[in-house]
Structures are given as structure tokens and as C-alpha cells.
Amino acid sequence: MQKNTPAPNTPTEIQQVLEPLLADPGQAVVLLDLDGTLAPIVSHPGDVAVPPSITRLIRELSHIYLAVGIVSGRTANEARRIVGNAELAYIGNHGFETMVPGHAIVVCEEAQPWMDKIRKLTESGSVEAMTEAGVWLEDKAATLSYHYRRAQDPEAALAWLQQNIIPRAEKLGLRVSEGRMVVEIKPPVEINKGVSVGHLLDRLGARRAIYVGDDTTDIDALKELRKRRRRKDSIMVGVGVISKEMPERLPKFCDLMVARVNGVEALLEILAGREP
């Protein structure tokens, strides 16, 4: 995690970097992570809530920009429920699910052969032992999230996962990654937030976009925008959200930094055309 926290950019600096997007918003896509970006991190994922002021801004932006997309580790349905706006595009489950307005959720085909092994992992452990360790399982069908934010001893909870869950997942050939107080188990296929963000931008024919995120899984999306920036007439802006748990690598892939959810709200206000 980040030791030397970077300073957030000033409103004037943000305005200058966003000017190319503000000049022609109808050609640009706004992509936003959910937890830690639009909503504060909470001990129990089910308690998360997007502030009403941000909800209103997102609705306003959806009428100004080519598209607004929510990119989350949660399922697409859960992300839509939390944000409360059916007019947006949703990339859920770290890219394994995509939902656009007027269409059903699409789960990537590459994940299907691994579903039985995901189920086998959920059935292999003791629920009582997991609860005693302070670990809570979020089952998202194609992926699993083992949270330990609520554990009395987070280090002990992580050690329990490293001893009891991670080896089993690896033995089944599943992919393991760590986020903020969570261990993610996924099929070993090349699907992540970056891949799915790329697919969405291609689907929309968009050469202008901004992505805002705060965690390790957001780096894939930020890297995808960096890659697309090399294309002709492309304008891609990556924004990182500063917090005490921010991954140390995150700023490396960002053009701008904002502080916590309040900083994200100020950024959205600028995107809505309000003077800083």
C-alpha cells in the first residue's frame, strides 16, 4: 500500500487536463469505479451507498456525454442497484459481466468452463472456520471475493486465507489476486476491467474517455486507456483516487489524482461543466 501519498491535483490543473473532453463531451465516455471512488469503503459491502449529490451528478453526466459506465468488482446487477440508474452501462464482476441499457447481462464465454471449479472451491471449506477467522465470502457466481475487513485481526484472517483457501484455488487452476482487504478468486482467463473497458469503448466507437478508480483492479483499466492513447485522435485520461489504502503503483498510471470521494465529486462537477 501507498507509503508516500501523492498530493491531489488542484481544480485548475484538473480543468486544464479535462479541457479536450469538455470541448466535445458528446464524443467522450466517462468510466467510474464504484467502491472507494463513488462511495466510501465500508466494513460490510452490503452497506455501501453512493451520496445523493454524486448520484445526481452521474445522471446529469449521462445526458451530456456519449456514455457513462460503472466498472465494478460487484455484479452488474448489484452495481446498478447501488447507483440506481438504469441508463448507464455496467461492467461488473471485474469485467466478467457487461450490461448496457436495454440488454440483458452478458457473462463472458471464457469463464463458463471454470464454473464447476469455482463451485467446488466454495464447497471445500468450513463455513464455521471461515467465520471464526473473520472472513466473509461474497459469491458472485463467476468469481469469489473473500473479505476480511471486518476481522478483529486482519493479518490473522489473511494468513488463514493463505493457508486454507489460496492453495485450494491454485490447485484447481484458478487465479488468485489481492485487493484492499479482500482476496479474489477468478477463472484463469484474460478478462479484467481493462479488457472489458476496451470492449465497451470499441462497441461505442469512442476515442475519448476518462477512467476514475482507486484500487489494484483499476490499474488494468488505466493501462488500457494509456495503450489507446497512442491511437490517432485519441484522448484518454486516467484519474486515481487517493486514500490511506491506495495501492502504491496506482499513481504511476494516472494523469490526475483526487482525494477520496469528495475529490471525485469535485471532478464530476468539472466534467458537468461547472467552473472549479
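The values are calculated or read from the model by the stated rules, or taken from the named source; none is laboratory data. Only a predicted model underlies this, so the values are computations on that prediction, with no experimental measurement involved. Cβ atoms come from the backbone with ideal geometry, glycine included; neighbour counts cover every protein chain shown.
Some points to look at:
- The requirement of being part of a loop (DSSP other than H, G, I, E, B), touching an Asp or Glu at 6+ places or on another chain (Cβ under 8 Å) and either among the hydroxyl-bearing types (Ser, Thr, Tyr) or modelled with pLDDT under 95 (or both) is fulfilled nowhere in the stretch 152-165; no residue meets it.
- Residue satisfying condition, being among the aromatic types (Phe, Trp, Tyr) and over 27 Å from Gly36 (Cα atoms), within set Trp160, Trp114, Trp136: Trp114
- Qualifying residue in the stretch 35-47 (condition: over 29 Å from Val106 (Cβ atoms) and more than 16 Å from the chain's Cα centre (by Cα)): yes
- Of the residues Val176, Val197, the single one that is in a helix (DSSP H, G or I), within 19 Å of the chain's Cα centre (by Cα), at negative phi and not acidic (Asp, Glu) is Val197.
Conditions tested, residue by residue: (1) assigned by TED's automatic domain parsing to the domain that holds Pro251; (2) modelled with pLDDT of 95 or more; (3) buried (at least 22 other Cβ atoms within 10 Å of the Cβ).
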position	(1), (2), (3)
Gln16	yes, yes, no
Asp24	yes, yes, no
Ala28	yes, yes, yes
Leu34	yes, yes, yes
Ala39	yes, yes, no
Gly46	yes, no, no
Leu66	yes, yes, no
Ser72	yes, yes, yes
Asn85	yes, yes, no
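To keep it simple, each residue is scored yes or no on (1) crowded, with 17+ Cβ neighbours inside 10 Å; (2) in a loop (DSSP other than H, G, I, E, B).
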site	(1), (2)
Ala206	yes, yes
Lys227	no, no
Asp233	no, yes
Gly240	yes, no
Glu245	no, yes
Glu248	no, yes
Lys252	no, no
Leu267	yes, no
Glu275	no, yes
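- Which listed residue, of Asp215, Asp220, is within 30 Å of Ala151 (Cα to Cα), not in a helix (DSSP H, G or I) and not assigned by TED's automatic domain parsing to the domain that holds Thr122: Asp215
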